[in-house]
Structures are given as structure tokens and as C-alpha cells.
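The next block holds one structure in the form of C-alpha cells; read it before the comments.
The values are calculated or read from the model by the stated rules, or taken from the named source; none is laboratory data. Since this is a predicted model, take the numbers as computed values, not measurements. As a convention, Cβ positions derive from the backbone with ideal geometry for all residues, glycine included, and neighbour counts pool all protein chains shown.
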Amino acid sequence: MENNSNSFKGKNLQILISFGVLFLMWGFITNLNFVYKDYLAYIFNLNYSLSTLINLTFFTTYLVVSLQAGNLISKIGYKKGIMVGWVLSCLGCITFFLAVYFRNFECFLAALFMQAAGITILQVGANLYIVLWKNLLLKANIKTAASRLVLMQAFNSLGAFLAPILASPILWMMIDLPSETKNIISSADRFLIEAPYVHYPYLFVAIGMTMYAIYLFFVQIPQIDTSGVEPANKMPQIRRRHVMHFPQLRLGAFAIFAYVGAEVALGNYLTDFSKDTVSYYWGAAMVGRFVGSFLLQQTSLRKSVGICAGMSILLVVLSVITGGTISFWMIVAVGLFNSILFPAIFTLGVNGLGKFSEDGSSVLIMSIVGGAIIPFNVINFSYVSYKIAFLIVIVCYFYIALYGLKLSRFERIEEKEELQPQKI
């Protein structure tokens, strides 16, 4: 009996580690695109309007692919769905390498779309799997599910944190120049020297992803079937229910839209004014998630969302009031409180959806398109004043706080004991 228990724990640990590496690598790829954005604009000779297509293409993919991703996972299962997403991202990296090598911007956008489509499938499948995994199999509560997802997202943040740190050194190592010469080259000249090599890191990533895909193929990932699980919501009789009938999901989609938009807008702000500072921003999110995965098991999930969003509002306001170096560090600190918001909102959004869980995950991931729309508007308003532009960010965090404290609540069915309200 003890051997069976140890074997069960060993398999659980293997699944967590496998998903942790998965989250880390796609976080690294996602942020690498934004770190190399200036290099790519130089390589393809892009003006401002064309350079915005990089950000727009990546995030618009979520809008286009998410619903199809949910249908795909429902048909072929979580493991095969995740494998499809992983391989598609890998092919995107290879196509990315070829597009930059041959200086073909249209091919580059196609590669970016392919890469983002794969990541979208991963987001829909992997996030939901981590939430439902023990909840359905072991009847764990929603706080534990959120804690697990926060931990996985911490590895995602670790990848995002490492990308800007490693991006330039990776390129610099490939350049065959004497160390004495490298030490006296100005940053502007270094940029021009590094730019022609910007596609090689994607080839290295593709090789690493291919090797990991082989490992993932042999990992046993139990299938989760939600088709027989009825939703927990107490709702009026509707002849044919649709996923958008559930308020926690519908309003959660707006919260994800607001969160990703605000997070990316602040990240862009730090990148434009201080490329070094943005690493601390992602680092703060990473630390917050590792700590938050423990704290969420001890505190109310909804109150945690409200408090973190409220603290983000306070820090953004202080940034606007103070200005200068202090302003930068206030925005960096927002990363710490951003840490739990996405996984917490996602968990609350799919909470109680039952057989609609895959469709709900698709809708929430589709809302990541906010990362293209909100930052675009923040940038445009920043030409007038960043004080005005940051009002958009403050409104986003206000809605997130409102969702956490109030809008994520719903009336539950009382007949079945397992569907009784939980303290979350």
C-alpha cells in the first residue's frame, strides 16, 4: 500500500515538473519576442506603424485561435492537445529563423502567428488541466487549484524574467571578436553588430523544444473528462445552455482582458524608458507567484485578488505623483502584486463550469487579446501625457478588484452536497 502511495506521489511530482518546464519555456519564448522587437524592427527596416504589427499579430492570435483550441482539446484530449500546441510553437520558431535569415517580413509574421497559435493551445489546455487535475480526480478545493496554477505561472514568470537577461549575452557570445575590442564597443555599435544574429536564439529554442517534445511524449498525463460534470450554477431553466450564460466566466473574460492589457502596458512603459528595469518587473512577478502559491492556501482567493489589484492602483498612482526614478520602481513593484492575478482570475472564471470548462478556458484565453488593444491605447495617450495614459491602467485594475470581490460570485445549486458554497 505504501509503495502504491509513493508511486502515486512520484507520478504527481513528475506531472508538476513536466508542466513547470512547459510553462517556463513558453514564458521565455513569449518575452523573447518583445525583447528582440527593436532588433527585428532594424532588420526589417520597420517604421512605428509596421513595428506595432509584431505585438498586434501575437496577441490577435489568441482571439482567432482560442475557441478552436478548446474544441481541439475536447476532441483529442489534454495530452495530445498540449503536444499539438508545443509542436506548432516549435515549427513557429524554425520558420521564424528562416524568415529573419531571408529577410522576409511577411513570412516572419506568419511564423509569429504560428508560434502564438501554439502558445494559445498550450494556454487553453495547460492552465485548465492544472486547475482541474486534482479538483476532479481528488476533489481538492478551489484554493488549492489556484495555488497550483500560481506555482506553474511562477515558472512562466521565471522564463519571462530570464529572457531579457539572456537575450543580449546569447547574441554577444556568437560574435567572434577579441575581448579587448568587445569591451570598448559602444552600446549603439553593439546593437548594430548583434542584430544580424537575432534569429539564432530561436533555432536553439526550437532544438530544445524538440527534445522536450520527445520527453513529453513518454510522460503519462491522465486524461480529465468533464463531459459528465454538471455546472454548479443555480440558473433559470434554459433549453440549451451556452458557456457565456455563466456570469463568473463572462465577467472573468473582461478581467483577463483588463489584466493582460495593464500588465503589458506597464511592461512596455518600462522597456521604453529603461530596458534594465523591465527585468525587475518580471522578476517581481516571479517572486510574488512563488510566495503567492503558498499564501493562497491560507487566505481567501477573492480577497487576495481585490487586495492585489488595489495595491496595483495605489502604486500606479504613486508613480504618476512622484515621477523620475521613484516612478520606475513603483511600476516595478506592481509586478509583485500582478503575480497572482492571472491564475486567480482564470481559476475563478472556470470555477463551477463543469462540462463547459474547456469552452470557458477558450473564452478566458481569447481575452488575452487585451494585451494588444490596451497597450496600443496607452501608448497613444502617452504622447499627450503619461498621467492621462495611466488612467486606463487604473480603470483596468479597478475592474479586476471589483471582479475578485464581487463579480466572480454566483449562486450555487443547493441540492448536491459537493456543490455547496466554498470559502474562497
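Of everything listed in (1) more than 18 Å from the chain's Cα centre (by Cα); (2) at pLDDT 90 or above; (3) not acidic (Asp, Glu), the single unmet condition for Met286 is (1). The single residue among Leu53, Leu72 that is at pLDDT below 85 and at negative phi turns out to be Leu53. Of the residues Val243, Val278, which is in contact with an Asp or Glu (Cβ under 8 Å, 6 or more places away or on another chain) and touching a residue at least 12 places away in the same chain (Cβ under 8 Å)? Going through Val243, Val278 in turn, just one is in contact with an Asp or Glu (Cβ under 8 Å, 6 or more places away or on another chain) and touching a residue at least 12 places away in the same chain (Cβ under 8 Å): Val243.
Please work out if Asn33 is under 14 Å from Ile119 (Cα atoms), at pLDDT below 85 and surrounded by fewer than 22 Cβ atoms within 10 Å (Cβ to Cβ). Talk me through it step by step, then tell me what you get.
Numbers: under 14 Å from Ile119 (Cα atoms): yes; at pLDDT below 85: yes; surrounded by fewer than 22 Cβ atoms within 10 Å (Cβ to Cβ): yes.
For Asn33, the condition - under 14 Å from Ile119 (Cα atoms), at pLDDT below 85 and surrounded by fewer than 22 Cβ atoms within 10 Å (Cβ to Cβ) - is met.
For beta carbons closer than 7 Å, sequence separation of 6+ or different chains, a first residue in region 258-270 that is farther than 17 Å from Tyr62 by Cα and a second that is surrounded by fewer than 24 Cβ atoms within 10 Å (Cβ to Cβ) and not hydrophobic (A, V, I, L, M, F, W, C), the qualifying pairs are Leu270/Thr277.
Over 20 Å from the mean Cα position of the chain (by Cα), closer than 30 Å to Tyr129 by Cβ and crowded, with 21+ Cβ neighbours inside 10 Å: does that describe Ser361?
On the way: over 20 Å from the mean Cα position of the chain (by Cα): no; closer than 30 Å to Tyr129 by Cβ: yes; crowded, with 21+ Cβ neighbours inside 10 Å: yes.
Taking the combined requirement at face value, the residue does not satisfy it.
Hey, among the residues in region 187-220 that are modelled with pLDDT under 85 and aliphatic (A, V, I, L, M), which one's nearest to Asn351 (Cα to Cα)? Looking at residues that are modelled with pLDDT under 85 and aliphatic (A, V, I, L, M), I get Ala195. For region 74-90, a residue qualifies if it is closer than 20 Å to Thr30 by Cβ and touching a residue at least 40 places away in the same chain (Cβ under 8 Å), and the qualifying residues are Gly81, Ile82, Met83, Gly85, Trp86, Val87, Ser89, Cys90.
Being at pLDDT below 85 and of a type in the set (A, V, I, L, M): is that true of Val21 here? Break it down into steps so the answer makes sense when it comes.
Details: at pLDDT below 85: no; of a type in the set (A, V, I, L, M): yes.
Criteria not met by Val21.
Based on what the data block shows, is Gly310 touching a Gly at 6+ places or on another chain (Cβ under 9 Å) and at pLDDT 90 or above? Against the criterion (touching a Gly at 6+ places or on another chain (Cβ under 9 Å) and at pLDDT 90 or above), Gly310 does not qualify. Within region 204-219, residues that are among the β-branched types (Val, Ile, Thr) have Cβ atoms under 8 Å from residues that are loosely packed, with under 15 Cβ neighbours inside 10 Å in these pairs: Val219/Gln14, counting only partners at least 6 apart in sequence or on another chain. Search region 308-325 for residues being without any contact (Cβ under 8 Å) to a residue 40 or more places away in the chain and of a type in the set (Val, Ile, Thr), and hand back the single one that is farthest from Ala255 (Cα to Cα). Within region 308-325, the match that is farthest from Ala255 (Cα to Cα) is Thr325.
Would you check if there is a residue in region 96-104 being farther than 18 Å from Thr226 by Cα, surrounded by fewer than 19 Cβ atoms within 10 Å (Cβ to Cβ) and among the hydroxyl-bearing types (Ser, Thr, Tyr)?
For region 96-104, residues farther than 18 Å from Thr226 by Cα, surrounded by fewer than 19 Cβ atoms within 10 Å (Cβ to Cβ) and among the hydroxyl-bearing types (Ser, Thr, Tyr): present.
Looking only at residues of region 176-203 that are without any contact (Cβ under 8 Å) to a residue 60 or more places away in the chain and among the charged types (D, E, K, R), we find that the one that is surrounded by the fewest Cβ atoms within 10 Å (Cβ to Cβ) is Asp176.
Given the structure, is Phe337 at negative phi, out of contact with any Gly (no Cβ under 6 Å at 6 or more places or on another chain), surrounded by 18 or more Cβ atoms within 10 Å (Cβ to Cβ) and not hydroxyl-bearing (Ser, Thr, Tyr)? Yes. Selection within region 345-360: residues that are touching a helix residue (DSSP H, G or I) at 6+ places or on another chain (Cβ under 6 Å) and part of a loop (DSSP other than H, G, I, E, B). The member of this set that is farthest from Lys143 (Cα to Cα) is Leu353. Being touching a Ser or Thr at 6+ places or on another chain (Cβ under 6 Å) and either outside any helix (DSSP H, G or I) or over 19 Å from Lys37 (Cβ atoms) (or both): is that true of Ser66 here? The answer is yes for Ser66.
Is it the case, given these coordinates, that Ala401 is modelled with pLDDT under 90 and within 20 Å of the chain's Cα centre (by Cα)? Walk me through how you get there before you give the answer.
Details: modelled with pLDDT under 90: no; within 20 Å of the chain's Cα centre (by Cα): yes.
Spelling it out, it is not the case that Ala401 is modelled with pLDDT under 90 and within 20 Å of the chain's Cα centre (by Cα).
Against the condition surrounded by fewer than 18 Cβ atoms within 10 Å (Cβ to Cβ), in contact (Cβ under 8 Å) with a residue 12 or more places away in the chain and touching a Leu at 6+ places or on another chain (Cβ under 9 Å), how does Leu22 come out, does it pass? When the stated conditions are applied, Leu22 does not pass them.
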